[in-house]
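Some notes on the structure that comes next.
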Amino acid sequence: WPLMAPTIHAINQLKRERNAVILAHNYQAPEIFHGVADIGGDSLQLAVEATKVKADIIVQCGVHFMAETSKLLNPDKTVLIPDTRAGCSLAASITGADVRLLREKFPGVPVVAYVNTSAEVKAEVDICCTSSNAVQVVESLNAPRVIFLPDRYLATYVASKTDVKIIAWKGACEVHERFTGEELRAFRDADPSVQIIAHPECPPDVLAEADFTGSTAHMINWVRERRPKRLVMITECSMADNVRAELPDVEMLRPCNLCPHMKRITLANILESLLTLGEEVTIDPALAGRARRSVERMINLKN
Ligand code: 13P
Ligand code: SF4
(Lines give C-alpha, C1' and ligand atoms only; values in the text may rest on other atoms or scores of the structure.)
(Ligands and ions follow the chains in the order given, each with its own letter.)
Protein backbone atom coordinates (compact mmCIF):
# COMPACT_ATOMS: atom_id res chain seq x y z
CA TRP A 1 0.00 0.00 0.00
CA PRO A 2 2.79 2.56 -0.77
CA LEU A 3 0.32 4.70 -2.75
CA MET A 4 -1.57 5.25 0.50
CA ALA A 5 1.49 6.60 2.34
CA PRO A 6 0.39 10.29 2.25
CA THR A 7 -3.00 9.45 3.81
CA ILE A 8 -1.37 7.20 6.41
CA HIS A 9 1.06 10.00 7.27
CA ALA A 10 -1.78 12.54 7.54
CA ILE A 11 -3.80 10.25 9.84
CA ASN A 12 -0.83 9.55 12.10
CA GLN A 13 -0.04 13.26 12.36
CA LEU A 14 -3.64 14.27 13.07
CA LYS A 15 -3.94 11.49 15.61
CA ARG A 16 -1.14 13.10 17.64
CA GLU A 17 -2.59 16.61 17.28
CA ARG A 18 -6.02 15.43 18.43
CA ASN A 19 -4.62 13.19 21.20
CA ALA A 20 -6.45 10.23 19.68
CA VAL A 21 -5.78 6.50 19.54
CA ILE A 22 -6.93 4.09 16.88
CA LEU A 23 -8.24 0.68 17.95
CA ALA A 24 -8.49 -1.77 15.05
CA HIS A 25 -10.04 -5.21 14.87
CA ASN A 26 -8.09 -8.06 13.24
CA TYR A 27 -10.47 -7.85 10.24
CA GLN A 28 -9.36 -4.35 9.27
CA ALA A 29 -7.42 -4.04 6.03
CA PRO A 30 -3.59 -4.11 6.34
CA GLU A 31 -3.16 -0.40 5.54
CA ILE A 32 -5.35 0.32 8.60
CA PHE A 33 -4.20 -2.54 10.84
CA HIS A 34 -0.49 -2.11 10.19
CA GLY A 35 -0.51 1.48 8.90
CA VAL A 36 -2.43 3.60 11.42
CA ALA A 37 -3.72 1.45 14.30
CA ASP A 38 -2.19 1.95 17.75
CA ILE A 39 -3.77 -1.22 19.09
CA GLY A 40 -5.03 -4.21 17.13
CA GLY A 41 -6.73 -7.34 18.34
CA ASP A 42 -9.79 -9.51 18.71
CA SER A 43 -13.00 -8.33 20.34
CA LEU A 44 -11.85 -9.21 23.86
CA GLN A 45 -8.42 -7.61 23.50
CA LEU A 46 -9.96 -4.42 22.10
CA ALA A 47 -12.47 -4.25 24.95
CA VAL A 48 -9.73 -4.69 27.56
CA GLU A 49 -7.53 -2.10 25.83
CA ALA A 50 -10.43 0.37 25.66
CA THR A 51 -10.56 0.42 29.47
CA LYS A 52 -6.91 1.58 29.57
CA VAL A 53 -7.04 4.41 27.02
CA LYS A 54 -5.72 7.69 28.44
CA ALA A 55 -6.04 9.74 25.22
CA ASP A 56 -9.06 12.02 24.69
CA ILE A 57 -10.39 10.28 21.61
CA ILE A 58 -10.80 6.66 20.51
CA VAL A 59 -11.27 6.07 16.78
CA GLN A 60 -12.80 2.60 16.51
CA CYS A 61 -11.84 0.82 13.32
CA GLY A 62 -14.29 -2.04 13.47
CA VAL A 63 -18.03 -2.36 13.57
CA HIS A 64 -20.58 -0.39 15.56
CA PHE A 65 -20.98 -2.79 18.50
CA MET A 66 -17.22 -2.57 19.09
CA ALA A 67 -17.39 1.22 19.27
CA GLU A 68 -20.31 0.96 21.69
CA THR A 69 -18.28 -1.45 23.84
CA SER A 70 -15.39 1.04 23.99
CA LYS A 71 -17.78 3.83 24.95
CA LEU A 72 -19.38 1.66 27.65
CA LEU A 73 -16.00 0.81 29.13
CA ASN A 74 -14.48 4.29 28.93
CA PRO A 75 -17.49 6.63 28.97
CA ASP A 76 -15.53 9.86 29.49
CA LYS A 77 -13.73 9.48 26.16
CA THR A 78 -14.99 10.67 22.80
CA VAL A 79 -15.48 7.49 20.73
CA LEU A 80 -15.64 7.96 16.98
CA ILE A 81 -16.62 5.49 14.29
CA PRO A 82 -15.63 6.47 10.75
CA ASP A 83 -18.83 4.99 9.24
CA THR A 84 -21.92 4.46 11.39
CA ARG A 85 -23.30 1.99 8.85
CA ALA A 86 -20.65 -0.56 9.86
CA GLY A 87 -23.11 -3.01 11.42
CA CYS A 88 -23.10 -6.78 11.98
CA SER A 89 -25.61 -9.47 11.01
CA LEU A 90 -25.36 -10.96 14.49
CA ALA A 91 -26.02 -7.67 16.30
CA ALA A 92 -28.95 -7.03 13.92
CA SER A 93 -30.53 -10.42 14.67
CA ILE A 94 -31.84 -9.64 18.16
CA THR A 95 -33.38 -6.77 20.15
CA GLY A 96 -33.77 -6.00 23.83
CA ALA A 97 -37.47 -6.96 23.56
CA ASP A 98 -36.44 -10.40 22.19
CA VAL A 99 -34.28 -10.96 25.28
CA ARG A 100 -37.14 -10.00 27.60
CA LEU A 101 -39.37 -12.56 25.82
CA LEU A 102 -36.67 -15.23 26.22
CA ARG A 103 -36.52 -14.51 29.96
CA GLU A 104 -40.31 -14.93 30.18
CA LYS A 105 -40.08 -18.23 28.34
CA PHE A 106 -37.17 -19.55 30.44
CA PRO A 107 -37.62 -17.98 33.89
CA GLY A 108 -34.52 -17.99 36.07
CA VAL A 109 -32.18 -19.14 33.26
CA PRO A 110 -29.16 -16.82 33.02
CA VAL A 111 -28.48 -15.07 29.72
CA VAL A 112 -25.06 -14.74 28.04
CA ALA A 113 -24.70 -12.32 25.13
CA TYR A 114 -21.89 -12.47 22.64
CA VAL A 115 -20.37 -8.96 22.46
CA ASN A 116 -21.65 -8.88 18.86
CA THR A 117 -24.87 -7.30 20.15
CA SER A 118 -26.20 -3.76 20.61
CA ALA A 119 -25.90 -1.92 23.93
CA GLU A 120 -29.68 -2.29 24.18
CA VAL A 121 -29.31 -6.09 24.20
CA LYS A 122 -26.30 -6.01 26.55
CA ALA A 123 -28.47 -4.08 29.02
CA GLU A 124 -30.92 -7.02 29.21
CA VAL A 125 -28.44 -9.86 29.81
CA ASP A 126 -26.44 -11.17 32.76
CA ILE A 127 -22.98 -11.23 31.22
CA CYS A 128 -21.22 -10.83 27.87
CA CYS A 129 -18.68 -13.10 26.22
CA THR A 130 -16.48 -13.13 23.14
CA SER A 131 -15.33 -16.05 21.05
CA SER A 132 -12.15 -16.07 23.21
CA ASN A 133 -13.90 -16.79 26.49
CA ALA A 134 -17.41 -18.08 25.68
CA VAL A 135 -17.01 -21.49 27.38
CA GLN A 136 -15.39 -19.93 30.46
CA VAL A 137 -18.18 -17.33 30.74
CA VAL A 138 -20.94 -19.96 30.40
CA GLU A 139 -19.36 -22.15 33.07
CA SER A 140 -18.76 -19.19 35.41
CA LEU A 141 -22.52 -18.93 35.92
CA ASN A 142 -22.70 -22.33 37.69
CA ALA A 143 -26.13 -22.98 36.16
CA PRO A 144 -27.39 -26.21 34.55
CA ARG A 145 -28.88 -24.24 31.61
CA VAL A 146 -27.83 -20.98 29.97
CA ILE A 147 -29.45 -18.90 27.24
CA PHE A 148 -26.70 -18.06 24.74
CA LEU A 149 -27.28 -15.42 22.07
CA PRO A 150 -27.33 -14.42 19.29
CA ASP A 151 -25.01 -16.76 17.28
CA ARG A 152 -26.44 -20.24 16.83
CA TYR A 153 -23.15 -21.64 15.53
CA LEU A 154 -21.04 -20.26 18.37
CA ALA A 155 -23.74 -21.67 20.67
CA THR A 156 -23.36 -25.12 19.09
CA TYR A 157 -19.58 -24.88 19.44
CA VAL A 158 -19.86 -23.91 23.13
CA ALA A 159 -22.36 -26.73 23.74
CA SER A 160 -19.80 -29.18 22.36
CA LYS A 161 -17.24 -28.00 24.96
CA THR A 162 -19.34 -27.97 28.14
CA ASP A 163 -21.90 -29.99 30.08
CA VAL A 164 -24.06 -26.88 30.54
CA LYS A 165 -27.24 -27.09 28.44
CA ILE A 166 -27.24 -24.29 25.91
CA ILE A 167 -30.45 -22.61 24.75
CA ALA A 168 -29.52 -20.79 21.53
CA TRP A 169 -30.87 -17.85 19.55
CA LYS A 170 -31.08 -18.09 15.75
CA GLY A 171 -28.55 -15.46 14.58
CA ALA A 172 -25.60 -16.12 12.30
CA CYS A 173 -22.58 -14.24 10.99
CA GLU A 174 -23.14 -13.57 7.30
CA VAL A 175 -19.40 -14.01 6.67
CA HIS A 176 -18.76 -17.31 8.47
CA GLU A 177 -22.05 -19.08 7.72
CA ARG A 178 -21.11 -19.14 4.01
CA PHE A 179 -18.18 -21.53 4.42
CA THR A 180 -18.90 -25.23 3.83
CA GLY A 181 -17.24 -28.43 4.98
CA GLU A 182 -17.13 -29.49 1.34
CA GLU A 183 -14.85 -26.62 0.31
CA LEU A 184 -12.50 -27.40 3.19
CA ARG A 185 -12.37 -31.07 2.20
CA ALA A 186 -11.42 -30.02 -1.34
CA PHE A 187 -8.40 -28.13 0.03
CA ARG A 188 -7.38 -31.11 2.12
CA ASP A 189 -7.82 -33.55 -0.76
CA ALA A 190 -5.61 -31.36 -2.95
CA ASP A 191 -2.89 -31.21 -0.27
CA PRO A 192 -3.21 -33.49 2.80
CA SER A 193 -0.43 -31.53 4.57
CA VAL A 194 -2.42 -28.29 4.55
CA GLN A 195 -3.46 -26.89 7.94
CA ILE A 196 -6.98 -25.51 8.34
CA ILE A 197 -8.03 -23.19 11.16
CA ALA A 198 -11.52 -21.78 11.59
CA HIS A 199 -13.49 -19.25 13.63
CA PRO A 200 -16.24 -20.69 15.89
CA GLU A 201 -18.89 -18.58 14.11
CA CYS A 202 -18.65 -21.20 11.32
CA PRO A 203 -21.24 -24.01 10.94
CA PRO A 204 -20.45 -27.36 12.66
CA ASP A 205 -19.60 -29.21 9.42
CA VAL A 206 -16.88 -26.60 8.80
CA LEU A 207 -15.47 -26.85 12.33
CA ALA A 208 -15.43 -30.65 12.00
CA GLU A 209 -12.86 -30.26 9.20
CA ALA A 210 -10.63 -27.77 11.04
CA ASP A 211 -7.34 -28.58 12.79
CA PHE A 212 -7.93 -25.71 15.21
CA THR A 213 -10.88 -23.51 16.17
CA GLY A 214 -10.52 -20.21 17.99
CA SER A 215 -11.15 -16.48 18.14
CA THR A 216 -9.23 -14.29 15.71
CA ALA A 217 -6.49 -13.67 18.30
CA HIS A 218 -6.27 -17.36 19.17
CA MET A 219 -5.99 -18.19 15.45
CA ILE A 220 -3.15 -15.68 15.02
CA ASN A 221 -1.31 -17.07 18.06
CA TRP A 222 -1.73 -20.59 16.69
CA VAL A 223 -0.08 -19.53 13.40
CA ARG A 224 2.75 -17.71 15.25
CA GLU A 225 3.50 -20.82 17.29
CA ARG A 226 3.02 -23.52 14.63
CA ARG A 227 4.31 -21.68 11.54
CA PRO A 228 2.52 -24.08 9.14
CA LYS A 229 3.90 -24.19 5.61
CA ARG A 230 0.49 -23.98 3.93
CA LEU A 231 -2.56 -22.63 5.71
CA VAL A 232 -6.26 -22.09 5.11
CA MET A 233 -7.78 -19.50 7.46
CA ILE A 234 -11.53 -19.87 7.55
CA THR A 235 -12.51 -16.35 8.50
CA GLU A 236 -12.59 -12.79 7.13
CA CYS A 237 -10.09 -12.12 4.31
CA SER A 238 -8.11 -9.31 5.95
CA MET A 239 -7.00 -11.66 8.74
CA ALA A 240 -4.96 -13.65 6.26
CA ASP A 241 -3.57 -10.43 4.76
CA ASN A 242 -2.53 -9.13 8.18
CA VAL A 243 -0.93 -12.42 9.20
CA ARG A 244 0.87 -12.70 5.87
CA ALA A 245 2.33 -9.22 6.38
CA GLU A 246 3.76 -10.43 9.72
CA LEU A 247 4.70 -14.00 8.70
CA PRO A 248 5.55 -14.05 4.99
CA ASP A 249 6.93 -17.61 5.22
CA VAL A 250 3.40 -19.00 5.78
CA GLU A 251 1.67 -19.65 2.46
CA MET A 252 -1.98 -18.61 2.71
CA LEU A 253 -4.49 -20.46 0.58
CA ARG A 254 -7.85 -18.87 -0.02
CA PRO A 255 -10.94 -19.14 0.45
CA CYS A 256 -11.96 -16.28 2.62
CA ASN A 257 -15.07 -14.12 2.81
CA LEU A 258 -15.12 -10.34 3.14
CA CYS A 259 -17.20 -8.69 5.86
CA PRO A 260 -18.93 -5.77 4.10
CA HIS A 261 -19.40 -4.01 7.44
CA MET A 262 -15.74 -4.16 8.44
CA LYS A 263 -14.82 -2.94 4.96
CA ARG A 264 -16.87 0.24 5.39
CA ILE A 265 -13.93 1.58 7.39
CA THR A 266 -11.31 3.06 5.07
CA LEU A 267 -8.25 5.30 5.38
CA ALA A 268 -10.30 8.10 3.76
CA ASN A 269 -13.09 8.00 6.33
CA ILE A 270 -10.65 7.58 9.24
CA LEU A 271 -8.95 10.80 8.13
CA GLU A 272 -12.36 12.48 7.75
CA SER A 273 -13.34 11.26 11.20
CA LEU A 274 -10.25 12.82 12.78
CA LEU A 275 -10.78 16.06 10.87
CA THR A 276 -14.48 16.49 11.70
CA LEU A 277 -14.64 14.48 14.96
CA GLY A 278 -17.54 12.47 13.56
CA GLU A 279 -19.43 10.24 14.00
CA GLU A 280 -19.45 10.28 17.76
CA VAL A 281 -20.86 7.15 19.42
CA THR A 282 -23.33 7.82 22.21
CA ILE A 283 -25.33 5.41 24.37
CA ASP A 284 -28.72 6.04 25.91
CA PRO A 285 -27.94 6.78 29.58
CA ALA A 286 -31.07 4.82 30.58
CA LEU A 287 -29.40 1.58 29.47
CA ALA A 288 -25.66 2.38 29.56
CA GLY A 289 -25.22 1.40 33.23
CA ARG A 290 -26.81 -2.03 32.80
CA ALA A 291 -24.99 -2.71 29.52
CA ARG A 292 -21.66 -1.70 31.11
CA ARG A 293 -22.24 -4.09 33.99
CA SER A 294 -22.64 -7.04 31.55
CA VAL A 295 -19.37 -6.24 29.76
CA GLU A 296 -17.45 -5.47 32.96
CA ARG A 297 -18.61 -8.72 34.53
CA MET A 298 -16.96 -10.54 31.61
CA ILE A 299 -13.74 -8.50 31.80
CA ASN A 300 -13.47 -9.03 35.54
CA LEU A 301 -13.59 -12.82 35.21
CA LYS A 302 -10.22 -14.21 36.23
CA ASN A 303 -8.45 -16.32 33.62
P1 13P B 1 -13.17 -12.13 17.48
O2 13P B 1 -12.15 -11.21 16.95
O3 13P B 1 -13.50 -11.80 18.89
O4 13P B 1 -12.80 -13.54 17.29
O5 13P B 1 -14.54 -11.85 16.68
C6 13P B 1 -14.72 -12.10 15.36
C7 13P B 1 -15.76 -11.26 14.74
O8 13P B 1 -16.47 -11.69 13.87
C9 13P B 1 -15.90 -9.90 15.14
O10 13P B 1 -16.78 -9.27 14.33
FE1 SF4 C 1 -20.51 -9.35 12.26
FE2 SF4 C 1 -19.58 -11.48 10.96
FE3 SF4 C 1 -18.87 -9.06 10.14
FE4 SF4 C 1 -17.92 -10.02 12.46
S5 SF4 C 1 -17.51 -10.82 10.44
S6 SF4 C 1 -18.75 -7.99 12.10
S7 SF4 C 1 -19.67 -11.23 13.17
S8 SF4 C 1 -20.95 -9.88 10.14
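Residue by residue through the range 63-79, note down the ones that are in contact with a Leu (Cβ under 8 Å, 6 or more places away or on another chain) and surrounded by fewer than 24 Cβ atoms within 10 Å (Cβ to Cβ). Of everything in the range 63-79, just one residue is in contact with a Leu (Cβ under 8 Å, 6 or more places away or on another chain) and surrounded by fewer than 24 Cβ atoms within 10 Å (Cβ to Cβ), namely T78. Assessment of the range 177-187 against the conditions (open to solvent by 10 Å² or more (accessible area, probe 1.4 Å), within 16 Å of ligand 1 (Cβ to nearest atom), modelled with pLDDT of 95 or more and under 28 Å from L101 (Cα atoms)) yields at least one matching residue.
On the given criteria, is A168 under 22 Å from the mean Cα position of the chain (by Cα), at pLDDT 95 or above and surrounded by fewer than 23 Cβ atoms within 10 Å (Cβ to Cβ)?
On the way: under 22 Å from the mean Cα position of the chain (by Cα): yes; at pLDDT 95 or above: yes; surrounded by fewer than 23 Cβ atoms within 10 Å (Cβ to Cβ): yes.
Yes; evaluated as a whole, the condition is true for this residue.
Would you confirm whether any residue within the range 138-159 is closer than 29 Å to A288 by Cβ, acidic (D, E), open to solvent by 40 Å² or more (accessible area, probe 1.4 Å) and more than 16 Å from ligand 1 (Cβ to nearest atom)? Yes, that holds for at least one residue. Pairs are defined by a Cβ separation below 7 Å, a sequence spacing of at least 6 or placement on different chains, a first member in the range 1-23 that is assigned by TED's automatic domain parsing to the domain that holds A55, and a second member that is of a type in the set (K, R) and assigned to a helix (DSSP H, G or I); the pairs so defined are I22/K15.
Out of everything in the range 199-217 that is part of a loop (DSSP other than H, G, I, E, B) and within 10 Å of ligand 1 (Cβ to nearest atom), what residue ends up being surrounded by the fewest Cβ atoms within 10 Å (Cβ to Cβ)? Filtering first and then ranking leaves G214. Residues that are closer than 30 Å to G108 by Cβ, open to solvent by 10 Å² or more (accessible area, probe 1.4 Å) and in contact (Cβ under 8 Å) with a residue 12 or more places away in the chain are absent from the range 218-231.
Could you go through the range 253-275 and let me know if any residue there is part of a strand (DSSP E or B) and under 22 Å from the mean Cα position of the chain (by Cα). Within the range 253-275, one or more residues are part of a strand (DSSP E or B) and under 22 Å from the mean Cα position of the chain (by Cα). Here A113 qualifies as touching a strand residue (DSSP E or B) at 6+ places or on another chain (Cβ under 6 Å), within 16 Å of ligand 1 (Cβ to nearest atom) and of a type in the set (G, A, S).
Of all the numbered requirements in (1) of a type in the set (A, V, I, L, M, F, W, C); (2) in contact with a Ser or Thr (Cβ under 7 Å, 6 or more places away or on another chain); (3) away from ligand 1 (no atom under 16 Å from the Cβ), W1 misses one, and that requirement is (2).
I'd like to verify a number: residues in the range 247-288 that are over 30 Å from T95 (Cα atoms), charged (D, E, K, R), modelled with pLDDT of 95 or more and not assigned by TED's automatic domain parsing to the domain that holds A50, how many?
The qualifying residues number 2.
The values are calculated or read from the model by the stated rules, or taken from the named source; none is laboratory data. All values reported here derive from a predicted model rather than from experimental measurement. Here Cβ is always computed from backbone atoms with ideal geometry, including for glycine, and neighbour counts include all displayed protein chains. Heavy atoms of the whole protein, side chains included, go into the accessibility calculation; ligands, DNA and RNA do not. Shrake-Rupley method; radii C 1.70, N 1.55, O 1.52, S 1.80 Å.
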